[in-house]
Amino acid sequence: MATDQPQDLTPPPGVELLRTDPALPPVGVIDNRAPSPTARVVLLLVALLGAFAWTMIALLRGEHVNAVWFVVAAICTYLIGYRFYAKLIERKLVRPRDDRATPAEALDNGKDFVPTDRRVLFGHHFAAIAGAGPLVGPVLAAQMGYLPGIIWIVVGVVLAGAVQDYLVLVISTRRGGRSLGQMARDEMGTVGGIAAMVAIFVIMIILIAVLGLVVVNALGESSWGVFSIAMTIPIALFMGVYLRYLRPGKVSEVTVIGVALLLAAIISGRWVSESGWGETLFSLDKTTIAWLMMFYGFAASVLPVWLLLAPRDYLSTFMKVGTIAMLAIGILIAWPVAQLPAVSEFAFNSAGPAFAGSLFPFLFITIACGALSGFHSLISSGTTPKLLEKESQARFIGYGGMLTESFVAVMALVTAAILNQHLYFAINAPTAATGATAETAAAYVNGLPLSGPRITGDQLTQTARDIGETSIVSRTGGAPTLAIGISHVMSDVFGGSGFKAFWYHFAIMFEALFILTTVDAGTRVARFMLSDSLGNLGGPLRRFKDASWRVGAWICSAIVVAGWGSILLMGVTDPLGGINTLFPLFGIANQLLAAIALTVVTTIVVKQGLYKWAWIPALPLGWDLIVTMTASWQKLFSTDPAIGYWKQHQLYAAARDAGLTSFKTAKTPEAMDAVIRNTFVQGTLSAIFASLVLVVVAAGAWTCLRAVRAGGLPTSEDPAEPSALFAPSGFLPTDVEKHVEKQWSARELTGTSP
């Protein structure tokens with residue numbers, strides 16, 4: 001048919017069609033058309049609405065700000081940031097060319113490198129990056145008030161977090177999908193590269209183990225949760241086979257089927273948990289769950305990505321995004337009012353009940369993934385670039401995916417802000433402060449300098465009964481607070497107070513599923529990192545760099561799982577030590593990873609001679625270094641024992657040497673020894689991590705200086721290979737992209753596809 005021939009498509013003004021073969025339809029579309037008058041009016045209205053929402057949040061004092069304004073301000077800011085700032089980055093730094101084959105196309109092996117539909121890949125990427133951080137961090141940071149948290153979460157992600165994720169994804173895509181550590185070595189030399197690779201790998205193992213412990217704690221002895229989470233695995237396998245062999249390309253079909261099966265698994269989980277056989281089969285202890293998680297992590301790392309990892313993460317994204325969307329709708333309907341002050345007095349001292357530390361730097365460390373996360377850079381240089389169909393999709397997946405996670409953090413902050421202040425601190429203060437009973441907890445929080453109505457022990461007990469729990473006192477870590485906040489909002493809109501218990505346990509499962517997807521993707525990314533590192537040693541080990549060598553994939557996966565699995569088992573079996581020793585390092589380590597990623601990006605930008613726009617990655621890099629190095633210094637050398645590792649170590653060691661059998665929160669000699677050991681490990685690792693990052697930054701600065709003097713330096717970017725496939729750039733195709741899709745579809749129907 002003549003209309004199906006590529007030469008018959010005449011692009012409108014401002015649109016360029018990219019071709020690599022005159023016999024093929026276009027493989028890419030560059031659309032530089034100006035926004036229509038209608039679009040401009042809509043963007044103006046969005047900007048005005050966002051400005052009004054920010055005014056309401058910032059200027060209204062007292063506990064009278066409606067939570068609706070948090071939702072409106074965030075969404076409007078994200079839309080403006082994505083449309084203008086992300087577009088600026090795309091045009092000035094990225095300059096995508098869809099006539100260039102991505103690693104997914106050029107190295108397609110059906111296992112690790114697979115061109116994946118952008119919508120499925122967005123789901124996988126979002127599921128992989130969205131772990132415990134955006135759920136737990138903002139809840140804990142709420143003790144400082146809602147205003148600092150909402151500003152950093154929303155503004156920080158636009159200028160820092162989404163920028164990092166987007167640019168790391170682009171530079172990895174143009175380097176064969178290489179890992180962040182390998183790119184650091186290639187671009188900054190051996191010293192900086194080795195320091196980066198060691199720091200990244202060790203921090204990665206710790207992060208996966210910490211995330212795993214959160215899942216284990218959420219699912220321990222919970223037959224409902226274990227059943228529902230377990231069912232996502234066969235559902236994902238079915239989706240993978242369906243999309244690859246039964247109905248290729250039918251994403252909408254498999255989405256409907258998968259979501260229906262997921263909802264059935266969640267709803268039936270309650271029935272299973274109440275049955276005798278279900279309780280026997282699925283009510284597992286934490287050690288058993290830890291072993292099962294290790295087995296799952298290994299399987300997800302070695303199986304073809306299309307079979308388990310991508311469809312399961314895509315499926316998980318529907319539950320994640322769906323739950324957050326329902327929560328946002330619930331807030332818009334219920335109009336809850338913030339109970340927390342804009343800025344609390346805990347922002348200016350280290351006496352906060354939820355965690356110790358003042359607003360600067362610990363607010364930014366605590367919120368972590370909601371605004372900027374180094375862990376994301378490992379996903380953006382791990383699985384995602386190996387699945388990306390087109391360079392132009394990186395903005396939608398990298399920048400857009402991080403904006404979506406930031407919105408999750410906003411929702412988490414809102415759920416904490418709408419709770420009674422006394423209830424919030426009764427949940428988040430440690431047992432040593434609350435006394436573990438409802439009466440002693442009420443007495444403790446009523447003695448804090450809080451506004452609003454006081455709380456009684458009976459009220460705390462009744463709140464626990466309402467959600468089907470025996471106690472909510474000192475349920476620290478942020479996750480229970482988020483679940484209680486979700487149950488309050490959702491029960492007000494859907495079902496009434498009688499459904500609080502259902503919504504609470506639904507939220508707990510939601511959090512477990514949310515976090516588990518970062519464990520499986522993280523394991524696969526760590527496997528890639530280890531393969532690159534072993535391959536760099538040369539000789540027989542060079543074969544580890546071959547992505548198609550399955551023996552190497554199995555060996556590296558086993559090493560990675562053994563690393564984080566052993567730490568996870570220590571945390572499960574020894575609550576005083578093991579992983580709990582490393583938990584305080586989570587936030588700082590994550591932000592130090594971001595510093596490494598932004599250093600690599602800034603170095604590459606300077607080496608390419610793009611000095612005028614180097615401030616785009618350099619700005620968040622500078623801020624991140626100030627925050628993380630200040631936090632590391634305080635954790636190491638602060639004279640406040642609530643903050644400083646060495647000071648706490650010194651006090652407990654002195655108490656033990658004086659013959660005391662208990663000291664402060666340590667009630668036994670064994671507990672005292674655990675604190676002494678833990679603070680030593682924490683302090684040592686903090687010093688090592690900070691030192692390694694400074695080495696990486698110094699190597700990057702030296703490379704940038706050399707590049708400026710030389711007028712630019714060559715980079716390790718792979719030579720371009722011509723593409724022979726087409727895919728739209730965004731979630732919805734444009735009119736021109738739809739026309740090109742029809743050309744490719746017609747070509748496939750006639751059997752002339754390449």
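Okay, here's what the table says:
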item	result
Test set (1) surrounded by fewer than 22 Cβ atoms within 10 Å (Cβ to Cβ); (2) of a type in the set (Gly, Ala, Ser); (3) touching an Asp or Glu at 6+ places or on another chain (Cβ under 8 Å) - ALA521 fails condition number	(1)
Sole residue being under 30 Å from LEU530 (Cα atoms), surrounded by fewer than 21 Cβ atoms within 10 Å (Cβ to Cβ), aromatic (Phe, Trp, Tyr) and free of Cβ contacts under 8 Å to residues at least 60 places away in the same chain, chosen from PHE637, PHE680	PHE680
Test result for GLY212, under 30 Å from ILE688 (Cβ atoms) and surrounded by 15 or more Cβ atoms within 10 Å (Cβ to Cβ)	yes
Residue, surrounded by the fewest Cβ atoms within 10 Å (Cβ to Cβ), within region 710-748, restricted to residues that are basic (Lys, Arg) and either touching a residue at least 60 places away in the same chain (Cβ under 8 Å) or assigned by TED's automatic domain parsing to the domain that holds PHE122 (or both)	LYS742
Matching entry among ILE129, ILE80, ILE153 (being within 26 Å of PRO341 (Cβ to Cβ) and assigned by TED's automatic domain parsing to the domain that holds ARG550)	ILE153
Region 51-67, residues that are at pLDDT 95 or above and either among the aliphatic types (A, V, I, L, M) or farther than 19 Å from ALA417 by Cβ (or both)	ALA51, PHE52, ALA53
Criterion: of a type outside the set (S, T, N, Q) and surrounded by fewer than 18 Cβ atoms within 10 Å (Cβ to Cβ) - qualifying residue of ILE643, ILE626	ILE626
From the options ALA23, ALA106, ALA53, residue that is in the same structural domain as GLY161 (by TED's automatic domain parsing), over 28 Å from LYS386 (Cβ atoms) and of a type in the set (Gly, Ala, Ser)	ALA53
Only listed residue being more than 30 Å from ALA595 (Cβ to Cβ), β-branched (Val, Ile, Thr) and surrounded by 24 or more Cβ atoms within 10 Å (Cβ to Cβ), chosen from VAL226, VAL254, VAL241	VAL226
Test: residue in region 391-411 that is surrounded by 23 or more Cβ atoms within 10 Å (Cβ to Cβ), touching an Asp or Glu at 6+ places or on another chain (Cβ under 7 Å) and among the acidic types (Asp, Glu)	yes
Checklist (1) of a type in the set (Gly, Ala, Ser); (2) assigned by TED's automatic domain parsing to the domain that holds PRO304; (3) free of Cβ contacts under 8 Å to residues at least 12 places away in the same chain applied to GLY177, failing item	(3)
Enumeration of residues in region 428-464 that are part of a loop (DSSP other than H, G, I, E, B), among the small types (Gly, Ala, Ser) and either buried (at least 20 other Cβ atoms within 10 Å of the Cβ) or assigned by TED's automatic domain parsing to the domain that holds PRO134 (or both)	ALA429
Boolean, ALA160 is modelled with pLDDT of 95 or more, crowded, with 24+ Cβ neighbours inside 10 Å, over 28 Å from ALA106 (Cβ atoms) and not β-branched (Val, Ile, Thr)	yes
Single residue of ALA39, ALA34, ALA86, ALA23 found to be hydrophobic (A, V, I, L, M, F, W, C) and either touching a residue at least 24 places away in the same chain (Cβ under 8 Å) or surrounded by 16 or more Cβ atoms within 10 Å (Cβ to Cβ) (or both)	ALA86
Helices (runs of 4 or more DSSP H) contained in region 336-427 and holding at least 3 residues at pLDDT below 95 and more than 30 Å from ASP466 (Cβ to Cβ)	359-367, 374-380
Members of region 96-110 found to be touching a residue at least 12 places away in the same chain (Cβ under 8 Å) and of a type outside the set (Lys, Arg), listed by number	PRO96, ASP98, ASP99, ALA101, THR102, PRO103, ALA104, GLU105, ALA106, LEU107, ASN109, GLY110
Flag if ALA299 is of a type outside the set (S, T, N, Q), surrounded by 16 or more Cβ atoms within 10 Å (Cβ to Cβ) and on the phi > 0 side of the Ramachandran plot	no
Matching residues in region 485-505 - criterion: being modelled with pLDDT under 80 and either outside the structural domain of VAL214 (by TED's automatic domain parsing) or crowded, with 19+ Cβ neighbours inside 10 Å (or both)	HIS505
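Conditions (1) polar (S, T, N, Q); (2) within 26 Å of SER179 (Cβ to Cβ); (3) touching an Asp or Glu at 6+ places or on another chain (Cβ under 8 Å), marked per residue:
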| position | (1), (2), (3) |
| --- | --- |
| GLY123 | no, yes, yes |
| PHE126 | no, yes, yes |
| ALA130 | no, yes, yes |
| VAL136 | no, no, no |
| GLY145 | no, no, no |
| ILE153 | no, no, no |
| VAL158 | no, no, no |
| GLN164 | yes, yes, no |
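The values are calculated or read from the model by the stated rules, or taken from the named source; none is laboratory data. Worth saying up front: this structure is predicted, and the values here are computed from it rather than measured. Note that each Cβ is placed from the backbone with ideal geometry, even for glycine, and that neighbours are counted across all protein chains shown.
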